[in-house]
Amino acid sequence: MDKVATIGLDIAKLVFQVHGVAADGEVLIRRRLTRARMLPFFAKLPPCLVGIEACNNSHYWARELTALGHDLKLMPAQYVKPYVKRGKNDAADAEAICEAVTRPTMRFVAVKSPEQQSLMMLHRVRLMLNRRRTQISNAIRAHISEFGGVAPVGRLGVDRLLQVVADAGDDRIPEDARLCLQMLAAQLEVVKQQILENDRRVLASARRT
């Protein structure tokens with residue numbers, strides 16, 4: 001293993017495929033590793049070039065293996081695909097990654113820090129929460145309309161409908177329906193608060209940079 005120059009690493013949640021070659025291209029390693037054996041395996045290897053396809057958890061492994069002294073390169077999956085020589089499987093993917101990472105024209109993805117990944121997550125979660133807020137608001141509108149309740153488009157309209165939901169004396173809404181609408185109203189309030197907290201985090205992160 002002390003002659004290994006380049007490794008193609010196909011990562012997954014639990015099982016990883018390793019394809020390692022010497023400087024002359026001779027294949028020295030073809031093996032599967034469990035998640036628990038990943039870091040101990042690479043800790044025993046002398047520093048070498050390691051290629052990984054860029055994905056959700058590739059940045060974590062890139063940071064971990066860099067800390068062990070290896071030279072990590074992340075590549076977009078679409079740039080690795082042309083190097084797959086045989087059927088689609090983990091071993092073939094690892095071999096393709098091993099070859100692709102040495103190509104002089106290959107484009108690489110910068111390894112993100114935990115802070116950079118956290119900021120991206122804030123934006124993704126904010127988008128998800130906004131979609132959830134819209135979904136709940138539309139559900140409230142649709143359900144109240146079944147009993148003749150309507151309101152203008154927009155948040156002010158939804159707020160007006162929520163007043164109807166909160167008014168136990170409004171007999172347009174049957175008891176069981178009001179209970180369901182109160183559940184939706186409670187969810188909507190939680191989502192609103194989460195969006196506000198998310199926005200505060202994004203703003204605080206922007207001020208730090």
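The values are calculated or read from the model by the stated rules, or taken from the named source; none is laboratory data. Note that the structure is predicted; figures quoted are calculated from it, not measured. Positions of Cβ are backbone-derived with ideal geometry, glycine not excepted, and every protein chain shown enters the neighbour counts. Just the protein is used for accessible areas: all its heavy atoms, side chains included, with ligands, DNA and RNA removed. Shrake-Rupley method; radii C 1.70, N 1.55, O 1.52, S 1.80 Å.
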Taking 7 Å along the Cα-to-C-beta vector as the label spot, tell me the S145-Q116 distance in nanometres, rounded to one decimal.
4.5 nm
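Please report the net charge: other residues with Cβ closer than 11 Å to the Cβ of R37, K and R +1, D and E -1. Kindly include the intermediate steps, with their values, before the conclusion.
Details: positive: R31, R32, R35, K44; negative: none.
Residues close to R37 contribute a combined charge of +4.
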At R0 = 45 Å, FRET efficiency that the Cβ-Cβ distance of N138 and R31 yields, to 0.05:
0.30
Working with all protein chains in place, sort I97, I11 by solvent-accessible area computed with a 1.4 Å probe, largest first.
I11, I97
Which log10 I(q)/I(0) values, to two decimals, does segment 1-124 give at q = 0.19, 0.23 Å⁻¹ under the Debye formula with one point per Cα?
-1.03, -1.48
Round to a whole number: what % of the accessible area of the chain belongs to carbon and sulfur, probe 1.4 Å?
56 percent
What does the accessible area of V165 come to, in Å² to the nearest 10, when a probe of 1.4 Å is used?
10 Å²
Looking at segment 44-95, which trypsin sites (Lys or Arg not before Pro) are in a loop (DSSP not H, G, I, E or B) and have at most 12 other Cβ atoms within 10 Å?
K85, R86, K88
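Want the number for K192 to Y60: 0.36 nm per residue separation, take away the alpha-carbon distance, what's left? Don't jump to the answer; show the numbers that get you there.
On the way: separation 132, 0.36 × 132 = 47.52 nm, distance 3.11 nm.
Taking K192 through Y60 to full extension adds about 44.4 nm, to one decimal.
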Take the Cβ-Cβ distance between R160 and D199 as r, set R0 to 25 Å, and report the resulting FRET efficiency rounded to the nearest 0.05.
0.55
Restricting to aspartates and glutamates and to Cα separations under 18 Å from K13, and discarding same-chain partners fewer than 8 apart, the set is E53, E64, D90, D93
Probe 1.4 Å, protein heavy atoms only - accessible area per residue of segment 145-200 in square angstrom:
67 Å²
Rounded to the nearest 0.05, FRET efficiency between T102 and R124 (Cβ-Cβ, R0 41 Å) equals 0.80
Rg and Dmax of segment 136-209 over Cα atoms: what are they, in angstrom?
15.6, 54
Percentage relative contact order, the chain, counting C-alpha pairs under 8 Å, at least six apart
16 percent
Cα principal axis extents for the chain, largest first, Å
82, 42, 33
Estimated D of segment 51-132 in µm² per second, where Rh is the Kirkwood radius over Cα pairs and Stokes-Einstein applies at 4 °C, 1.567 mPa s:
91 µm²/s
